[in-house]
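The values are calculated or read from the model by the stated rules, or taken from the named source; none is laboratory data. Only a predicted model underlies this, so the values are computations on that prediction, with no experimental measurement involved. Don't worry about glycine lacking a Cβ; one is built from the backbone with ideal geometry, like all the others, and counts go over all protein chains shown.
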Amino acid sequence: MMQPLQGSFVALVTPMLPNGELDYGSLKDLVEWQIKDGISGIVSVGTTGESATVNVVEHLEIIEKTIEYSNGRVPVIAGTGANSTQEAIELTKTAFNLGADYALVVTPYYNKPNQEGLFKHYLKIADAVNIPQILYNVPSRTACDLKPETVFRLSDHQNIIGIKEAVDDEQRMHELLEIKEKLKDKKNFSILSGDDPTFNLFMEKGADGVISVAANVVPKDISQICKFNLSEEFSKAIDLNKRFLNLYDLLFVESNPIPVKWALEKMKKIDSGIRLPLVSLNKVFHEEISNELSKLELI
């Protein structure tokens, strides 16, 4: 049985120069820092990596460079979702050929498929590419919701090994953990939170880990919170997690990845580049985020 995917996975930003050009020097440094600070794996070109505004050539190049820089030390999870099933297959296939360890496949956005459409979409990708695939549900961005009953139907496919769930809802969490329990004698099905403010509670109830935006800024701590949960030291996890509750909220005062890129720039980890239609963090938030970074001794 394949090992479950567990722990802290950073939804890594894509560093850019002020003119929007990709900055591979900074990407290499970020990968080194993340690995040194104990991250369990790296998500390349997810939402936080600006998948919506890099072109296909850049998208694949970022995945390739991330694989090269991580050099087998941690798994690389490539963001390969698209709202066209065929495009998602092509991205997933290329990521697999480049050496990605997993694919993270977001639900199709904008065209609003129903559950049967979602089922067939994911099944076709799983049939087409022999790489372990993680379903990704984030209705606040995509305008469609992958329901637990559809997740359960999809979990039967050997290439579908988990889900990143970004819906903050205890009932949803409970239903997904029930799926994990039902499958336990057959396969490891990883349940990963996609919501920083609630991931600790999710893990306490039995989830496997988090794909985290905050891990860009505090990789060591997010890693440690996950380790505490996985070793059932829940009170330690709660205490450490409390320190970052304000940070989690501040990293979403504007659309992700605007705040986290600004924070990393303040920390001198990346340059100021971000691509339109996203723009740099509104000045009204500068002081509050700076103060939080100072309080956490990050700047």
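Entry remark, segment 151-167: residues being touching a Leu at 6+ places or on another chain (Cβ under 7 Å) and free of Cβ contacts under 8 Å to residues at least 60 places away in the same chain number 7 in total.
Kindly indicate whether K269 is in contact with a helix residue (DSSP H, G or I) (Cβ under 9 Å, 6 or more places away or on another chain), within 19 Å of K36 (Cα to Cα), modelled with pLDDT of 95 or more and not in a helix (DSSP H, G or I). Taking the combined requirement at face value, the residue satisfies it.
A quick yes/no check of all residues on (1) at pLDDT 95 or above; (2) of a type in the set (D, E); (3) under 17 Å from G209 (Cβ atoms):
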residue	(1), (2), (3)
Q3	no, no, yes
L17	yes, no, no
L27	yes, no, no
T66	yes, no, no
V74	yes, no, yes
Q86	yes, no, no
D101	yes, yes, yes
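Residues in segment 233-266 that are over 20 Å from V43 (Cα atoms) and part of a loop (DSSP other than H, G, I, E, B): E233, R243, F244, V253, E254. Of the residues I179, I191, I161, the single one that is under 19 Å from the mean Cα position of the chain (by Cα), farther than 23 Å from N256 by Cβ and not in a loop (DSSP other than H, G, I, E, B) is I161. Does any residue of segment 194-207 turn out to be crowded, with 21+ Cβ neighbours inside 10 Å and modelled with pLDDT under 95? No, there is no match, as no residue in segment 194-207 is crowded, with 21+ Cβ neighbours inside 10 Å and modelled with pLDDT under 95. Contact map, segment 263-290: first residue free of Cβ contacts under 8 Å to residues at least 24 places away in the same chain and within 15 Å of S26 (Cβ to Cβ), second residue among the polar types (S, T, N, Q) and in a loop (DSSP other than H, G, I, E, B), Cβ cut-off under 7 Å, separation 6 or more or different chains; pairs are E265/S272.
You will find that of I179, I225, the residue that is touching a Ser or Thr at 6+ places or on another chain (Cβ under 9 Å), crowded, with 24+ Cβ neighbours inside 10 Å, in contact (Cβ under 8 Å) with a residue 24 or more places away in the chain and aliphatic (A, V, I, L, M) is I225 and no other.
For segment 202-232, the set of residues classified as closer than 24 Å to V105 by Cα and in a helix (DSSP H, G or I) consists of F202, M203, A214, A215, N216, P219, I222, S223, C226, listed by residue number. If you check P132, P113, P148, P108 for being out of contact with any strand residue (DSSP E or B) (no Cβ under 6 Å at 6 or more places or on another chain), in contact (Cβ under 8 Å) with a residue 24 or more places away in the chain and under 26 Å from K184 (Cβ atoms), only one passes: P148.
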